[in-house]
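Enquirer: First, the structure itself, so that you have it in front of you.
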Amino acid sequence: MTPDARHAKDKLALTPELREAIRQIAGTEHLLVAMDFDGTMAPIVGHADDARPLPRSAAAFAGLAVLPRTTTALISGRALASLRAVASPPVNTLLIGSHGAEAWLGPGSTGLTLDPEQKALLAEVRAVLEDIVREAPGTMLEDKPAGVVLHTRLASDDVADDAVAAARSVLQDRKGVFLKDGKRVLETSVVNASKGEGVTFLRQITGATGVLFAGDDTTDEDALARLEPGDVGVKVGLDFTQAQYRVEAPVHVAELLEVLLQERSIAVAEEDPGTAAE
(Lines give C-alpha, C1' and ligand atoms only; values in the text may rest on other atoms or scores of the structure.)
Protein backbone atom coordinates (compact mmCIF):
# COMPACT_ATOMS: atom_id res chain seq x y z
CA MET A 1 0.00 0.00 0.00
CA THR A 2 1.39 3.42 -0.94
CA PRO A 3 1.73 6.16 1.74
CA ASP A 4 -1.06 8.15 0.08
CA ALA A 5 -3.38 5.16 0.05
CA ARG A 6 -2.54 4.37 3.66
CA HIS A 7 -3.27 7.98 4.67
CA ALA A 8 -6.61 7.92 2.85
CA LYS A 9 -7.55 4.68 4.60
CA ASP A 10 -6.62 6.13 8.02
CA LYS A 11 -8.80 9.18 7.41
CA LEU A 12 -11.81 6.93 6.83
CA ALA A 13 -11.34 5.06 10.09
CA LEU A 14 -13.70 5.80 12.99
CA THR A 15 -11.98 6.63 16.26
CA PRO A 16 -11.70 3.81 18.79
CA GLU A 17 -13.92 5.81 21.15
CA LEU A 18 -16.69 6.12 18.56
CA ARG A 19 -16.43 2.44 17.65
CA GLU A 20 -16.84 1.52 21.30
CA ALA A 21 -19.84 3.85 21.65
CA ILE A 22 -21.42 2.20 18.61
CA ARG A 23 -20.81 -1.24 20.09
CA GLN A 24 -22.39 -0.20 23.38
CA ILE A 25 -25.52 1.36 21.91
CA ALA A 26 -25.96 -1.56 19.50
CA GLY A 27 -26.84 -3.68 22.52
CA THR A 28 -29.71 -1.51 23.75
CA GLU A 29 -33.17 -3.07 23.98
CA HIS A 30 -34.79 -0.87 21.31
CA LEU A 31 -32.50 1.18 19.08
CA LEU A 32 -33.56 4.32 17.22
CA VAL A 33 -31.19 5.21 14.36
CA ALA A 34 -32.11 8.77 13.42
CA MET A 35 -30.15 10.41 10.63
CA ASP A 36 -30.06 13.79 8.99
CA PHE A 37 -29.97 13.46 5.20
CA ASP A 38 -28.20 16.28 3.33
CA GLY A 39 -24.55 16.49 4.31
CA THR A 40 -24.88 13.30 6.37
CA MET A 41 -26.17 10.37 4.35
CA ALA A 42 -25.81 12.37 1.12
CA PRO A 43 -23.07 14.80 0.05
CA ILE A 44 -24.07 18.46 -0.24
CA VAL A 45 -24.83 19.39 -3.87
CA GLY A 46 -25.60 22.63 -5.68
CA HIS A 47 -29.18 21.68 -6.54
CA ALA A 48 -31.28 20.06 -3.83
CA ASP A 49 -33.06 17.75 -6.26
CA ASP A 50 -29.74 16.16 -7.26
CA ALA A 51 -28.93 14.85 -3.77
CA ARG A 52 -28.77 11.09 -3.30
CA PRO A 53 -27.56 8.94 -0.39
CA LEU A 54 -24.17 7.31 -0.77
CA PRO A 55 -24.80 3.68 -1.82
CA ARG A 56 -22.95 2.26 1.19
CA SER A 57 -24.97 4.42 3.57
CA ALA A 58 -28.25 3.50 1.89
CA ALA A 59 -27.44 -0.22 2.02
CA ALA A 60 -26.43 -0.22 5.68
CA PHE A 61 -29.44 1.93 6.64
CA ALA A 62 -31.75 -0.48 4.82
CA GLY A 63 -30.12 -3.38 6.67
CA LEU A 64 -30.75 -1.71 10.01
CA ALA A 65 -34.37 -1.02 9.08
CA VAL A 66 -35.25 -4.73 9.01
CA LEU A 67 -33.56 -5.75 12.24
CA PRO A 68 -35.70 -6.64 15.27
CA ARG A 69 -36.24 -3.94 17.90
CA THR A 70 -34.60 -1.39 15.62
CA THR A 71 -36.28 1.72 14.21
CA THR A 72 -34.74 3.83 11.47
CA ALA A 73 -35.74 7.45 10.91
CA LEU A 74 -34.73 10.42 8.80
CA ILE A 75 -34.94 13.86 10.39
CA SER A 76 -34.54 16.53 7.75
CA GLY A 77 -35.17 20.15 6.99
CA ARG A 78 -36.62 19.02 3.67
CA ALA A 79 -40.34 18.78 3.13
CA LEU A 80 -41.48 15.16 3.31
CA ALA A 81 -42.21 14.95 -0.41
CA SER A 82 -38.70 16.15 -1.25
CA LEU A 83 -37.13 13.84 1.33
CA ARG A 84 -38.91 10.80 -0.09
CA ALA A 85 -37.93 11.72 -3.64
CA VAL A 86 -34.20 12.01 -3.00
CA ALA A 87 -33.67 9.58 -0.11
CA SER A 88 -35.84 6.66 -1.26
CA PRO A 89 -36.02 5.51 2.37
CA PRO A 90 -36.83 1.93 3.40
CA VAL A 91 -40.58 1.42 3.52
CA ASN A 92 -40.76 1.21 7.32
CA THR A 93 -38.45 4.17 8.03
CA LEU A 94 -40.11 6.99 9.96
CA LEU A 95 -39.78 10.48 8.52
CA ILE A 96 -39.59 13.90 10.15
CA GLY A 97 -39.56 16.76 7.65
CA SER A 98 -39.51 20.54 7.60
CA HIS A 99 -37.38 20.62 10.78
CA GLY A 100 -40.02 18.79 12.77
CA ALA A 101 -43.13 20.46 11.35
CA GLU A 102 -44.05 17.36 9.31
CA ALA A 103 -44.08 13.73 10.38
CA TRP A 104 -44.79 10.41 8.68
CA LEU A 105 -45.23 7.54 11.10
CA GLY A 106 -46.61 4.95 8.74
CA PRO A 107 -49.83 4.37 6.78
CA GLY A 108 -52.61 6.59 8.04
CA SER A 109 -50.37 9.47 9.07
CA THR A 110 -52.08 12.80 8.51
CA GLY A 111 -50.34 15.62 6.70
CA LEU A 112 -49.57 19.09 8.01
CA THR A 113 -52.53 21.51 7.84
CA LEU A 114 -52.15 25.27 8.24
CA ASP A 115 -54.96 27.44 9.56
CA PRO A 116 -56.12 30.45 7.47
CA GLU A 117 -53.95 32.87 9.46
CA GLN A 118 -50.85 30.76 8.91
CA LYS A 119 -51.60 30.44 5.20
CA ALA A 120 -51.91 34.22 4.84
CA LEU A 121 -48.71 34.77 6.78
CA LEU A 122 -46.85 32.23 4.65
CA ALA A 123 -47.94 34.08 1.49
CA GLU A 124 -46.61 37.34 2.96
CA VAL A 125 -43.28 35.69 3.78
CA ARG A 126 -42.95 34.33 0.26
CA ALA A 127 -43.67 37.75 -1.25
CA VAL A 128 -40.89 39.28 0.84
CA LEU A 129 -38.41 36.61 -0.22
CA GLU A 130 -39.43 36.83 -3.88
CA ASP A 131 -38.52 40.53 -3.87
CA ILE A 132 -35.11 39.71 -2.40
CA VAL A 133 -34.37 36.90 -4.86
CA ARG A 134 -35.15 39.17 -7.81
CA GLU A 135 -32.33 41.46 -6.68
CA ALA A 136 -29.85 38.75 -5.62
CA PRO A 137 -28.38 36.69 -8.48
CA GLY A 138 -27.71 33.06 -7.62
CA THR A 139 -30.32 32.90 -4.88
CA MET A 140 -33.50 30.86 -5.15
CA LEU A 141 -36.54 29.83 -3.14
CA GLU A 142 -37.82 26.42 -2.08
CA ASP A 143 -41.41 26.04 -0.95
CA LYS A 144 -42.32 23.82 1.98
CA PRO A 145 -45.72 23.07 3.50
CA ALA A 146 -45.05 25.40 6.42
CA GLY A 147 -42.39 27.72 5.08
CA VAL A 148 -40.10 29.02 2.38
CA VAL A 149 -36.34 28.50 2.19
CA LEU A 150 -33.94 31.10 0.84
CA HIS A 151 -31.07 29.22 -0.84
CA THR A 152 -27.80 31.10 -1.38
CA ARG A 153 -25.39 28.29 -2.25
CA LEU A 154 -25.00 29.41 -5.88
CA ALA A 155 -24.62 33.10 -5.03
CA SER A 156 -21.39 34.94 -4.30
CA ASP A 157 -20.60 35.38 -0.61
CA ASP A 158 -21.40 39.09 -0.65
CA VAL A 159 -24.71 38.57 -2.42
CA ALA A 160 -25.61 35.70 -0.09
CA ASP A 161 -24.84 37.72 3.03
CA ASP A 162 -26.82 40.71 1.78
CA ALA A 163 -29.81 38.56 0.83
CA VAL A 164 -29.95 36.85 4.23
CA ALA A 165 -29.50 40.16 6.04
CA ALA A 166 -32.31 41.71 4.01
CA ALA A 167 -34.64 38.80 4.77
CA ARG A 168 -33.82 38.91 8.46
CA SER A 169 -34.36 42.67 8.69
CA VAL A 170 -37.93 42.26 7.46
CA LEU A 171 -38.94 38.92 8.97
CA GLN A 172 -37.11 38.41 12.25
CA ASP A 173 -39.55 40.45 14.34
CA ARG A 174 -42.70 39.43 12.49
CA LYS A 175 -45.05 37.61 14.86
CA GLY A 176 -45.63 33.99 13.90
CA VAL A 177 -42.56 33.74 11.63
CA PHE A 178 -39.69 31.55 12.76
CA LEU A 179 -36.20 31.70 11.24
CA LYS A 180 -33.39 29.13 11.22
CA ASP A 181 -29.91 29.52 9.77
CA GLY A 182 -28.41 26.59 7.88
CA LYS A 183 -25.51 26.03 5.51
CA ARG A 184 -26.09 28.68 2.81
CA VAL A 185 -29.81 28.72 3.56
CA LEU A 186 -32.23 30.73 5.64
CA GLU A 187 -35.25 28.70 6.68
CA THR A 188 -38.52 30.51 7.30
CA SER A 189 -41.56 28.82 8.79
CA VAL A 190 -44.97 29.68 10.20
CA VAL A 191 -44.80 26.60 12.45
CA ASN A 192 -42.40 26.59 15.38
CA ALA A 193 -40.63 23.21 15.33
CA SER A 194 -37.13 21.79 15.57
CA LYS A 195 -35.17 18.63 14.92
CA GLY A 196 -34.72 18.39 18.68
CA GLU A 197 -38.48 18.07 19.13
CA GLY A 198 -38.41 15.49 16.34
CA VAL A 199 -35.88 13.32 18.20
CA THR A 200 -37.85 13.54 21.44
CA PHE A 201 -41.10 12.70 19.66
CA LEU A 202 -39.59 9.67 17.91
CA ARG A 203 -38.08 8.39 21.14
CA GLN A 204 -41.48 8.59 22.81
CA ILE A 205 -43.54 6.92 20.10
CA THR A 206 -41.04 4.10 19.48
CA GLY A 207 -40.15 3.44 23.09
CA ALA A 208 -36.47 3.59 22.14
CA THR A 209 -34.04 2.83 24.93
CA GLY A 210 -31.12 4.27 22.97
CA VAL A 211 -30.74 6.77 20.14
CA LEU A 212 -27.96 7.28 17.63
CA PHE A 213 -28.24 10.57 15.74
CA ALA A 214 -25.87 12.05 13.16
CA GLY A 215 -26.09 15.42 11.44
CA ASP A 216 -23.95 18.10 9.86
CA ASP A 217 -25.82 21.40 10.04
CA THR A 218 -26.42 24.02 12.71
CA THR A 219 -30.08 22.93 12.85
CA ASP A 220 -28.90 19.45 13.87
CA GLU A 221 -27.52 20.89 17.09
CA ASP A 222 -31.12 21.04 18.35
CA ALA A 223 -31.33 17.26 17.96
CA LEU A 224 -27.92 16.65 19.49
CA ALA A 225 -28.96 18.72 22.51
CA ARG A 226 -31.93 16.40 23.15
CA LEU A 227 -29.85 13.24 23.40
CA GLU A 228 -29.73 11.53 26.77
CA PRO A 229 -26.97 9.70 28.66
CA GLY A 230 -26.11 6.53 26.78
CA ASP A 231 -27.21 7.92 23.42
CA VAL A 232 -24.65 8.57 20.67
CA GLY A 233 -24.47 11.93 18.89
CA VAL A 234 -22.21 12.36 15.87
CA LYS A 235 -21.28 15.62 14.13
CA VAL A 236 -20.47 15.37 10.44
CA GLY A 237 -17.91 18.03 9.52
CA LEU A 238 -15.56 20.34 11.33
CA ASP A 239 -17.94 23.06 12.56
CA PHE A 240 -18.54 23.71 16.25
CA THR A 241 -20.73 21.09 17.92
CA GLN A 242 -21.94 19.78 21.23
CA ALA A 243 -21.84 16.21 19.91
CA GLN A 244 -19.73 13.65 21.73
CA TYR A 245 -18.20 12.34 18.51
CA ARG A 246 -17.26 13.63 15.09
CA VAL A 247 -16.61 12.31 11.59
CA GLU A 248 -15.38 14.38 8.66
CA ALA A 249 -17.77 13.70 5.79
CA PRO A 250 -20.67 11.58 4.50
CA VAL A 251 -18.27 8.84 3.40
CA HIS A 252 -17.42 8.33 7.07
CA VAL A 253 -21.12 8.13 7.91
CA ALA A 254 -21.27 5.15 5.57
CA GLU A 255 -18.58 3.45 7.60
CA LEU A 256 -20.39 4.33 10.83
CA LEU A 257 -23.64 2.78 9.59
CA GLU A 258 -21.84 -0.34 8.39
CA VAL A 259 -20.22 -0.82 11.80
CA LEU A 260 -23.54 -0.20 13.53
CA LEU A 261 -25.28 -2.74 11.28
CA GLN A 262 -22.64 -5.35 12.08
CA GLU A 263 -22.77 -4.74 15.84
CA ARG A 264 -26.58 -4.53 16.00
CA SER A 265 -26.94 -7.72 13.96
CA ILE A 266 -24.72 -9.53 16.46
CA ALA A 267 -26.60 -8.09 19.43
CA VAL A 268 -30.09 -9.06 18.23
CA ALA A 269 -28.89 -12.48 17.06
CA GLU A 270 -27.58 -13.25 20.52
CA GLU A 271 -30.95 -12.44 22.09
CA ASP A 272 -33.18 -13.70 19.27
CA PRO A 273 -31.31 -16.45 17.40
CA GLY A 274 -32.34 -16.68 13.79
CA THR A 275 -34.03 -13.26 13.63
CA ALA A 276 -31.07 -11.08 12.60
CA ALA A 277 -30.66 -9.99 9.00
CA GLU A 278 -28.57 -12.21 6.78
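Enquirer: Can you list the strands (runs of 3 or more DSSP E) lying wholly within region 82-165 that have 1 or more residues being small (Gly, Ala, Ser) and open to solvent by less than 70 Å² (accessible area, probe 1.4 Å)?
Expert: Because the criterion is at least 1 residues that are small (Gly, Ala, Ser) and open to solvent by less than 70 Å² (accessible area, probe 1.4 Å), the strands (runs of 3 or more DSSP E) in region 82-165 that meet it are 94-97, 102-104, 147-151.
Enquirer: Now for a separate question. Of all the residues that make up region 171-193, how many are under 16 Å from PRO145 (Cβ atoms) and not in a strand (DSSP E or B)?
Expert: So the count comes out to 6.
Enquirer: Just to verify a result, which residue in region 176-221, among those that are of a type in the set (Val, Ile, Thr), under 21 Å from THR70 (Cβ atoms) and surrounded by 19 or more Cβ atoms within 10 Å (Cβ to Cβ), is nearest to the chain's Cα centre (by Cα)?
Expert: VAL199
Enquirer: So how many residues does region 166-175 have that are touching a helix residue (DSSP H, G or I) at 6+ places or on another chain (Cβ under 6 Å) and either closer than 29 Å to MET35 by Cα or open to solvent by less than 20 Å² (accessible area, probe 1.4 Å) (or both)?
Expert: Within region 166-175, residues that are touching a helix residue (DSSP H, G or I) at 6+ places or on another chain (Cβ under 6 Å) and either closer than 29 Å to MET35 by Cα or open to solvent by less than 20 Å² (accessible area, probe 1.4 Å) (or both) number 1.
Enquirer: If you don't mind, there's one more thing I want to ask. Only one of (1) within 30 Å of THR152 (Cβ to Cβ); (2) open to solvent by 20 Å² or more (accessible area, probe 1.4 Å); (3) modelled with pLDDT of 95 or more; (4) in contact with a helix residue (DSSP H, G or I) (Cβ under 7 Å, 6 or more places away or on another chain) fails for ALA58. Which number is that?
Expert: That leaves (4) as the condition not met.
Enquirer: Touching a residue at least 12 places away in the same chain (Cβ under 8 Å), surrounded by fewer than 17 Cβ atoms within 10 Å (Cβ to Cβ), under 21 Å from the mean Cα position of the chain (by Cα) and over 20 Å from GLY77 (Cβ atoms) - does that describe any residue in region 222-234?
Expert: For region 222-234, residues touching a residue at least 12 places away in the same chain (Cβ under 8 Å), surrounded by fewer than 17 Cβ atoms within 10 Å (Cβ to Cβ), under 21 Å from the mean Cα position of the chain (by Cα) and over 20 Å from GLY77 (Cβ atoms): present.
The values are calculated or read from the model by the stated rules, or taken from the named source; none is laboratory data. Note that the structure is predicted; figures quoted are calculated from it, not measured. Quick reminder, even Gly has a Cβ in these numbers, built from the backbone with ideal geometry, and neighbours come from all protein chains shown. Side chains are part of the model used for accessible areas, which takes the heavy atoms of the whole protein and leaves out ligands, DNA and RNA. Shrake-Rupley method; radii C 1.70, N 1.55, O 1.52, S 1.80 Å.
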